[in-house]
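S.K.: Pasting a structure here, questions to come.
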Amino acid sequence: MLVLRSLVFNVLFYLNLACWLVFAAFPSLLLPRRYLLKVSVTWAKTALWLMRVTTGTRYEITGLENIPAGGLMVASKHQSFWETFVLVTLFPDPVFILKRELTWIPFFGWCLTKLKMIPVDRGGRARALSHVTRRARVELGERGRQLLIFPEGTRTAAGAPPDYKFGVAHLYSDLGVPCLPVALNSGLYWPRRKFLRRPGTIRVEIMPPIAPGMSKASFQALLQERIETASDRLLAQGRAELAALGLDPLASRQT
């Protein structure tokens, strides 16, 4: 049943995404950006509903009261594709830093450009970081948006050793806005590079923001400590839940 439900979800998930892109997002390209953002949020909610009814996977978010108004950085643990669309539903005007190749994809890439996401050339190193900082300063400072960033740069398997990049500390120092740490355990239920979707409750914890003004090194250490400590606790809860359902709690661990 787990395999069948996962199959049904994956088919419906991508069909749903294609339909929203063609019939809602594409026409919204002719309208102001806020309409395309509403389409994105509505699609994300339909995807969450599909996951609940097909695979029995729910989600729980705590700490919403910790989100301050105005421009800020949101530094989230990244274990799955799941959080890339769920986080969009939590903030009024989010902006992602993403690899520029995504903007070349027909329909999807056009939407990313319309939403004013920030593309980055990962091979550009210092030049690329400078470009991202300039764009982020405009989006956060002038438009009051929320910059969503994954400090490890890519998805990591649930329980894998952390590998935080220094780019997040550079942005924190240059932008001068609060940074909101986010922990989660999504990799247990939607593992990277795996077909299965497991039942249970994905948990997201939004922690109090880190005020601007710390040194880069101190900020980096504090951010990693907060996110990893909370994520480890959420992973332990998730593994206990999976074990109670008769599923292997270590099956999501990958190298």
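The values are calculated or read from the model by the stated rules, or taken from the named source; none is laboratory data. Predicted model only: the values in this text are computed from it and were never measured. Using ideal geometry, Cβ is built from the backbone for each residue, glycine included, and neighbour counts are taken over all protein chains shown.
S.K.: For a quick check of your reading of the model, give me the residue pairs whose first member lies in the range 1-27 and is of a type in the set (Ser, Thr, Tyr), whose second is at pLDDT 95 or above, with beta-carbon atoms closer than 8 Å and at least 6 apart or on different chains.
M.R.: SER6/THR55; SER6/ARG197
S.K.: Also, I was wondering about something else. May I ask you to list the residues in the range 1-17 that are more than 16 Å from LYS194 (Cβ to Cβ) and either under 20 Å from the mean Cα position of the chain (by Cα) or of a type in the set (Ser, Thr, Tyr) (or both)?
M.R.: Passing the criteria: ASN16, LEU17.
S.K.: Would a scan of the range 130-140 turn up a residue that is touching a residue at least 24 places away in the same chain (Cβ under 8 Å), in contact with a Lys or Arg (Cβ under 7 Å, 6 or more places away or on another chain) and within 30 Å of ALA69 (Cβ to Cβ)? So that I can check it myself, show each step before the final result.
M.R.: Going through the range 130-140, the residues touching a residue at least 24 places away in the same chain (Cβ under 8 Å) turn out to be 132-133, 136-137, 139-140.
Then keep just the ones that are in contact with a Lys or Arg (Cβ under 7 Å, 6 or more places away or on another chain); that gives 139.
Filter once more, keeping what is within 30 Å of ALA69 (Cβ to Cβ): 139.
Yes, the conditions are met somewhere in the range 130-140.
S.K.: Separate question: Is it the case that ARG193 is under 19 Å from THR154 (Cα atoms) and at pLDDT below 95?
M.R.: Details: under 19 Å from THR154 (Cα atoms): yes; at pLDDT below 95: yes.
It is true that ARG193 is under 19 Å from THR154 (Cα atoms) and at pLDDT below 95.
S.K.: Just to verify a result, which residue in the range 148-174, among those that are in contact (Cβ under 8 Å) with a residue 40 or more places away in the chain and touching a Pro at 6+ places or on another chain (Cβ under 8 Å), is farthest from LYS194 (Cα to Cα)?
M.R.: Ranking the candidates gives TYR172 first.
S.K.: Do we have any residue at all in the range 118-135 that's surrounded by fewer than 14 Cβ atoms within 10 Å (Cβ to Cβ) and of a type in the set (A, V, I, L, M)?
M.R.: yes
S.K.: Right, another one. Scan the range 62-101 residue by residue and report those that are in contact with a Phe, Trp or Tyr (Cβ under 6 Å, 6 or more places away or on another chain) and farther than 11 Å from LEU148 by Cβ.
M.R.: Listed by number, the residues that qualify are SER80, TRP82.
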